Amino acid sequence: MTSPVRKAVFPVGGLGTRFLPVTKAVPKEMLPVVDKPLIQYAVEEAFAAGIEDFIFVTSAGKAALEDHFGRNHQLEDALAARGKAAELKVLQATMPEEGRFSYTRQQQPLGLGHAVWCARNLVGNEPFAVILADDLILSQTPCLKQMVDVYNRHGGNVIATMAVPHEQTARYGVIDAGGVQANPVPVRALVEKPAPDEAPSNLAVIGRYILQPEVFSFLERKETGAGGEIQLTDAMAKLIGDQPFHGLDFEGRRFDCGDKIGFLEANIAYALARDDLGAAFAERLKEYAN
Ligand code: UTP
């Protein structure tokens with residue numbers, strides 16, 4: 001019997017320097033894809049995977065995130081007075097049941113591993129998911145739901161993977177599956193940002209994880225890795241061998257919304273996929289095709 005995955009951690013402590021100047025006063029996770037902020041896509045994906053408790057690891061300047069998921073009585077009253085029922089329904093989706101959302105602060109941007117460690121007391125001694133909102137995934141079945149299905153079969157730890165061009169391995173954590181071709185595939189080792197000639201594969205780790213709480217004991221050591229940061233990949237790598245550890249090459253398309261090109265592409269893909277906008281937007285895009 002595996003314990004169910006009930007909690008998800010959303011590390012939103014990064015500085016988002018690649019998006020300056022907008023990220024000076026607006027958290028990167030509040031950037032909209034069409035009309036919804038990145039963080040709301042992440043929360044909806046977690047909800048669809050059965051997550052009950054949502055834990056945000058924030059930093060200075062991220063108050064807009066908490067406001068986004070809080071009530072705004074003035075706005076609600078104004079919409080009600082104007083009979084805007086559809087807009088009120090849109091607002092409903094941003095208001096979780098009280099007590100389901102928790103916020104804790106990462107006091108220094110020491111890396112993703114450190115951000116996850118900051119959530120240790122809120123997670124406690126149970127398996128948990130981690131979702132990076134800047135990795136946006138358009139899929140038939142929500143990516144985290146696909147991973148929970150694998151977790152329910154295999155237990156242990158499950159990470160999302162994606163094949164990337166070999167010359168790009170230095171941008172990602174990369175898995176070593178010992179040449180085994182399977183999906184999900186048992187992971188034998190993990191390497192953070194390997195040079196292409198040192199990469200054990202071209203299967204990159206994407207921002208979705210299901211982890212066992214033992215990972216906190218390795219994060220606790222605060223060892224720095226690539227880029228001088230406390231890397232989640234390094235702590236996860238230490239679980240391999242002691243616990244089941246699988247990589248899932250998920251169904252769906254991932255957009256790196258932490259990068260300008262990926263973010264712009266996500267806006268196009270999500271707008272084209274919308275029933276209310278897709279056809280009209282496709283028509284307009286033709287003007288830019290050349
Ligand atoms: P990134 O590597 O994209 O860093 O973090 P960043 O600071 O957000 O953005 P740039 O590179 O300066 O533009 C990957 C994920 O890890 C989180 C980020 O919020 C993002 O979701 N993170 C990173 C933290 O929560 N804390 C950290 O110290 C570092």
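The values are calculated or read from the model by the stated rules, or taken from the named source; none is laboratory data. Keep in mind that what you see is a predicted model, and the values were worked out from it rather than measured. Because the Cβ atoms are built from the backbone with ideal geometry, glycine has one as well, and the counts that use them run over all protein chains shown. The area values use the complete protein model at the heavy-atom level, side chains included, leaving out ligands, DNA and RNA. Shrake-Rupley method; radii C 1.70, N 1.55, O 1.52, S 1.80 Å.
Per-residue answers, yes or no, for (1) free of Cβ contacts under 8 Å to residues at least 12 places away in the same chain; (2) of a type in the set (Asp, Glu):
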position: Pro11; (1), (2): no, no
position: Leu15; (1), (2): no, no
position: Glu29; (1), (2): no, yes
position: Pro37; (1), (2): no, no
position: Asp67; (1), (2): yes, yes
Where in region 185-290 are there helices (runs of 4 or more DSSP H), lying fully within it, with 1 or more residues that are in contact (Cβ under 8 Å) with a residue 60 or more places away in the chain and of a type in the set (Gly, Ala, Ser)? 232-237, 260-272
Just wondering, is there one or more residues in region 125-141 that are small (Gly, Ala, Ser) and part of a helix (DSSP H, G or I)? no
Val90: passes all of (1) within 21 Å of the chain's Cα centre (by Cα); (2) farther than 20 Å from Ile131 by Cβ but (1)
Flagged in region 56-97 as in contact with a Phe, Trp or Tyr (Cβ under 9 Å, 6 or more places away or on another chain), under 16 Å from Tyr41 (Cβ atoms) and part of a helix (DSSP H, G or I), in numbering order, are Leu65
Restricting attention to region 178-189, which residues are modelled with pLDDT of 95 or more and closer than 11 Å to Leu203 by Cβ? Val185, Val187
If you go through region 1-28, how many residues are open to solvent by less than 80 Å² (accessible area, probe 1.4 Å), within 7 Å of the ligand (Cβ to nearest atom) and either assigned to a loop (DSSP other than H, G, I, E, B) or not hydrophobic (A, V, I, L, M, F, W, C) (or both)? 6
Residues of region 29-44 that turn out to be more than 14 Å from the ligand (Cβ to nearest atom) and either basic (Lys, Arg) or open to solvent by less than 50 Å² (accessible area, probe 1.4 Å) (or both), as a count: 4
Per-region count, region 239-274, residues open to solvent by 70 Å² or more (accessible area, probe 1.4 Å) and in contact with a helix residue (DSSP H, G or I) (Cβ under 6 Å, 6 or more places away or on another chain): 1
Within region 179-205, can you find the residues that are closer than 17 Å to Gln243 by Cβ and more than 22 Å from the chain's Cα centre (by Cα)? Arg188
Among what's in region 45-59 and is within 12 Å of the ligand (Cβ to nearest atom) and open to solvent by 10 Å² or more (accessible area, probe 1.4 Å), pick the residue that is farthest from the chain's Cα centre (by Cα). Ser59
For the condition open to solvent by less than 70 Å² (accessible area, probe 1.4 Å) and within 10 Å of the ligand (Cβ to nearest atom), what is the one hit in Leu122, Leu112, Leu91? Leu112
When Ser139 is evaluated against the numbered criteria (1) over 16 Å from the mean Cα position of the chain (by Cα); (2) surrounded by fewer than 20 Cβ atoms within 10 Å (Cβ to Cβ), which criterion, by number, is the only one it fails? (1)
Answer with yes or no whether Gln168 is free of Cβ contacts under 8 Å to residues at least 60 places away in the same chain, within 30 Å of Ala271 (Cβ to Cβ) and not acidic (Asp, Glu). yes
Would you pick out the residues in region 94-109 that are closer than 18 Å to Asp53 by Cβ and either open to solvent by 30 Å² or more (accessible area, probe 1.4 Å) or within 16 Å of the ligand (Cβ to nearest atom) (or both)? Met95, Pro96, Glu97, Glu98, Gly99, Arg100, Phe101, Ser102, Tyr103, Thr104, Arg105
Residues that are of a type in the set (Val, Ile, Thr), at pLDDT below 95 and surrounded by 16 or more Cβ atoms within 10 Å (Cβ to Cβ): does region 205-215 have at least one? no
